[in-house]
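The values are calculated or read from the model by the stated rules, or taken from the named source; none is laboratory data. On a predicted model such as this, the values are computed, not experimentally measured, just so you know. As a convention, Cβ positions derive from the backbone with ideal geometry for all residues, glycine included, and neighbour counts pool all protein chains shown. Note: accessible area is taken over every heavy atom of the protein model, side chains too, but ligands, DNA and RNA are not part of it. Shrake-Rupley method; radii C 1.70, N 1.55, O 1.52, S 1.80 Å.
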Amino acid sequence: MTDRKNVVIAGASGVVGTRALHHLVARDDVSRVVALGRRLLPVQHEKLVSRVADLQSKTAIASEIPDGTAVAICCLGTTLKKAGSKEAFRAVDRDAVVAFAEAARARGAKRFVLVSSVGADPRARSFYLRTKGETEEALERLGYPQLTVLRPSFIDDEGTRGEYRPLERLTLPIARFVFAVVGRTSRYAPVSADVIGKAVVRLAFDETAERVRLVESDSLHRLERTGEKNSVQTLI
């Protein structure tokens with residue numbers, strides 16, 4: 001009999017989180033998915049429970065996660081422009097992510113999957129990449145038996161993102177053309193949101209022996225093309 005697991009996901013309303021949620025509820029080995037966010041999701045499924053939680057509060061988050069939850073997935077993320085300030089950006093991309101991870105760990109989660117960014121580095125000059133790197137370091141210190149960090153490059157939403165981002169609408173066609181020439185699966189090539197969502201779910205349930213692993217953008221392309229699970233590096 002399949003060992004069916006309970007999963008909690010934060011950021012399921014985003015462009016990647018939506019795809020990850022779709023692939024989660026389709027799995028036979030997933031019993032229930034609890035989606036946490038600032039508002040209820042507009043979708044329904046027999047396996048899905050949507051709950052509102054203050055994602056800045058570890059206590060509030062933990063109160064919405066059932067005991068015995070096996071897997072936690074985090075697709076939270078914003079932009080500096082949308083956040084409005086560096087402090088507000090950090091509150092989402094670092095503080096809320098870490099609070100969610102701490103709460104899930106306290107509820108028994110053994111595996112954690114994070115969607116981060118290519119170039120994430122706690123010593124990066126870029127505030128965006130430095131914050132992403134600091135988040136990854138903080139998660140590693142929580143002691144999850146298995147932590148997987150995905151570092152996708154430019155995310156190709158294929159026109160489905162709810163908010164209008166004029167810079168992306170301008171640069172995506174250019175990026176698609178350039179990388180069609182130099183290589184669609186190179187490290188900095190755009191990655192489809194659905195490719196990332198599939199990888200998130202696949203890696204959340206595989207049988208890796210690595211405690212902490214990093215999946216770079218080019219590896220995401222290989223995972224989609226071949227189903228390869230060994231194209232990863234260790235963070236520590």
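Here are the numbers for this structure:
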{"quantity": "Every residue from segment 100-115 that is under 23 Å from Thr131 (Cβ atoms), in a helix (DSSP H, G or I) and either touching an Asp or Glu at 6+ places or on another chain (Cβ under 9 Å) or open to solvent by 10 Å² or more (accessible area, probe 1.4 Å) (or both)", "calculated": "Glu102, Ala103, Arg105"}
{"quantity": "Only one of Ala12, Ala35, Ala20 that is touching a residue at least 12 places away in the same chain (Cβ under 8 Å), assigned to a helix (DSSP H, G or I) and hydrophobic (A, V, I, L, M, F, W, C)", "calculated": "Ala20"}
{"quantity": "Residues of segment 42-56 satisfying the condition of being in a loop (DSSP other than H, G, I, E, B) and either open to solvent by 30 Å² or more (accessible area, probe 1.4 Å) or in contact (Cβ under 8 Å) with a residue 60 or more places away in the chain (or both)", "calculated": "Pro42, Val43, Gln44, His45, Glu46, Asp54, Gln56"}
{"quantity": "Whichever residue in segment 203-225 is touching a residue at least 40 places away in the same chain (Cβ under 8 Å) and either in a helix (DSSP H, G or I) or basic (Lys, Arg) (or both) and, among such residues, is most open to solvent (accessible area, probe 1.4 Å)", "calculated": "Arg225"}
{"quantity": "Residue that is farthest from the chain's Cα centre (by Cα), among those in segment 69-99 that are open to solvent by 10 Å² or more (accessible area, probe 1.4 Å) and of a type in the set (S, T, N, Q)", "calculated": "Ser85"}
{"quantity": "Count of residues meeting criterion [open to solvent by less than 10 Å² (accessible area, probe 1.4 Å) and closer than 30 Å to Arg32 by Cβ] in segment 118-135", "calculated": "1"}
{"quantity": "Every residue from segment 1-37 that is of a type in the set (Lys, Arg), at pLDDT 95 or above and crowded, with 19+ Cβ neighbours inside 10 Å", "calculated": "Arg19"}
{"quantity": "Asp121 modelled with pLDDT under 95 and of a type in the set (D, E, K, R)", "calculated": "no"}
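Here is a yes/no grid of residues against (1) under 22 Å from Val15 (Cβ atoms); (2) among the basic types (Lys, Arg); (3) at pLDDT 60 or above:
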| position | (1), (2), (3) |
| --- | --- |
| Val181 | no, no, no |
| Arg187 | yes, yes, yes |
| Leu214 | yes, no, yes |
| Val232 | no, no, no |
